[in-house]
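Below is one structure, written out as structure tokens, with a few remarks after it.
The values are calculated or read from the model by the stated rules, or taken from the named source; none is laboratory data. The structure displayed is predicted, hence computed values, not measured ones. Because the Cβ atoms are built from the backbone with ideal geometry, glycine has one as well, and the counts that use them run over all protein chains shown.
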Amino acid sequence: MPNHPISFALAPMAGFTDAAFRRICGSFGADYAVSEMISAVALTRDDAKTAELAKITPGEPPVVLQIFGREPEVMARAAELLLSGDYRGCSYATPPAGIDINMGCPVKKIVSNGEGSALMLDADRAARIMSAVREVCERHGVPASVKFRLGWDAEISPEFARRMAEAGAQKITLHCRTRAQMYAPSADPSAAKRAADALRDTSVPLVGNGDISSRETAAVYLAGGCAEVAVGRAALGDPWLFQRLKHPEMPDDARPSLEEIKSLVLSFVADVVREKGEERGVRESRSRAAYFIKGLRGSAALRDRLNHAVTMEQFASAVDAWEPERIQN
């Protein structure tokens with residue numbers, strides 16, 4: 001890895017990068033986190049559930065709020081609301097560290113509205129959105145960034161990255177798959193080098209994203225010209241990854257003890273319960289807690305018990321009673 005300090009970010013993941021999980025990743029070394037994507041339209045319509053997605057709580061690393069939409073004026077208005085805090089339900093322990101624009105979400109209900117990855121098919125509209133949001137962010141003294149993919153079904157990321165930089169992006173995150181690839185096959189980190197080369201004579205840093213699960217995989221992106229990396233799905237069951245990325249002296253195959261895993265599972269669920277109440281908190285945490293025990297002996301039986309838990313007491317009892325014979329890496 002390069003000798004200069006590198007930032008390791010928690011990438012945005014709908015349904016996962018909420019405040020509770022951002023706190024966990026921050027505690028293990030994530031330098032900043034990007035929120036779940038926030039609908040610009042819903043925010044401007046005073047939607048309470050959308051405001052909840054923008055909540056920033058004590059103990060989190062710096063949080064960049066990510067918005068999605070297709071109308072430049074609406075996106076700019078949403079950025080203004082988030083940065084000013086002038087919306088119903090606003091709750092910030094610390095102010096947002098920036099605004100990120102989602103131009104990478106591949107799911108059908110998003111792209112069918114011309115949002116997410118679909119914006120890569122309309123570079124003029126994408127540039128207008130970028131410019132409008134950048135103008136708002138400048139007034140509030142925070143950076144405007146954008147995340148996108150290699151392209152729709154073929155690579156256009158070098159040209160698109162250049163266009164976004166010219167439109168005002170101050171940081172660019174590249175997920176190294178096309179929209180057509182969704183989340184498989186494996187990401188192509190070599191593509192990041194082509195985008196980084198296109199940005200070489202600008203001051204806009206490139207953040208690499210896609211299948212980063214070790215120092216080795218992160219190093220490929222960094223060697224290709226990325227200034228930072230953003231960890232996504234690998235962190236869901238292994239937030240300790242940030243610790244290993246930040247501390248090269250730690251073995252890359254180091255894994256937590258059984259007691260550390262149990263403690264993290266219980267503290268995570270308790271955290272969600274404190275924020276959302278017991279019934280909702282336990283229900284929403286069951287499938288997410290399963291990521292922390294994935295690959296461990298006895299995890300299938302434990303998942304079954306967790307899926308039947310309806311109270312924090314039942315959840316804790318199942319975790320406390322779990323004694324796998326050994327941890328499988």
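So here's what we get for this one:
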| quantity | calculated |
| --- | --- |
| Selected residue [more than 30 Å from Asp304 (Cβ to Cβ) and among the aliphatic types (A, V, I, L, M)] from Ala235, Ala289, Ala191 | Ala191 |
| Failed criterion for Ser203 (all others in (1) part of a loop (DSSP other than H, G, I, E, B); (2) over 28 Å from Val136 (Cα atoms); (3) free of Cβ contacts under 8 Å to residues at least 60 places away in the same chain hold) | (2) |
| Members of the range 306-329 found to be under 18 Å from Ser263 (Cβ atoms), assigned to a helix (DSSP H, G or I) and within 29 Å of the chain's Cα centre (by Cα), listed by number | Leu306, Met312, Phe315, Ala316, Val319 |
| Qualifying residue in the range 245-253 (condition: surrounded by 15 or more Cβ atoms within 10 Å (Cβ to Cβ), in contact (Cβ under 8 Å) with a residue 60 or more places away in the chain, touching a His at 6+ places or on another chain (Cβ under 9 Å) and under 20 Å from Thr17 (Cβ atoms)) | no |
| Some residue of the range 96-109 being assigned to a helix (DSSP H, G or I), surrounded by 21 or more Cβ atoms within 10 Å (Cβ to Cβ), in the same structural domain as Met37 (by TED's automatic domain parsing) and among the hydrophobic types (A, V, I, L, M, F, W, C) | no |
| Residue within the range 111-133 that is within 19 Å of the chain's Cα centre (by Cα), assigned to a strand (DSSP E or B) and touching a residue at least 12 places away in the same chain (Cβ under 8 Å) present | no |
| Members of the range 38-82 that are of a type outside the set (Lys, Arg) and either assigned to a loop (DSSP other than H, G, I, E, B) or not assigned by TED's automatic domain parsing to the domain that holds Pro95 (or both) | Asp46, Asp47, Ala54, Thr57, Pro58, Gly59, Glu60, Pro61, Pro62, Gly69, Glu71 |
| Close pairs (8 angstrom Cβ cut-off, 6 or more residues apart or separate chains): closer than 19 Å to Pro58 by Cβ in the range 79-105, among the aromatic types (Phe, Trp, Tyr) anywhere | Gly85/Tyr92; Ala97/Tyr32 |
| Boolean, Thr178 is modelled with pLDDT of 95 or more, crowded, with 16+ Cβ neighbours inside 10 Å, part of a loop (DSSP other than H, G, I, E, B) and among the polar types (S, T, N, Q) | yes |
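Conditions tested, residue by residue: (1) of a type in the set (A, V, I, L, M); (2) more than 22 Å from Ile38 (Cα to Cα); (3) buried (at least 21 other Cβ atoms within 10 Å of the Cβ); (4) in contact with a strand residue (DSSP E or B) (Cβ under 7 Å, 6 or more places away or on another chain).
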| residue | (1), (2), (3), (4) |
| --- | --- |
| Gly114 | no, no, no, no |
| Arg134 | no, no, yes, yes |
| His140 | no, no, no, no |
| Pro143 | no, no, no, yes |
| Val146 | yes, no, yes, yes |
| Ile156 | yes, yes, no, no |
| Ala169 | yes, no, yes, yes |
| Thr173 | no, no, yes, yes |
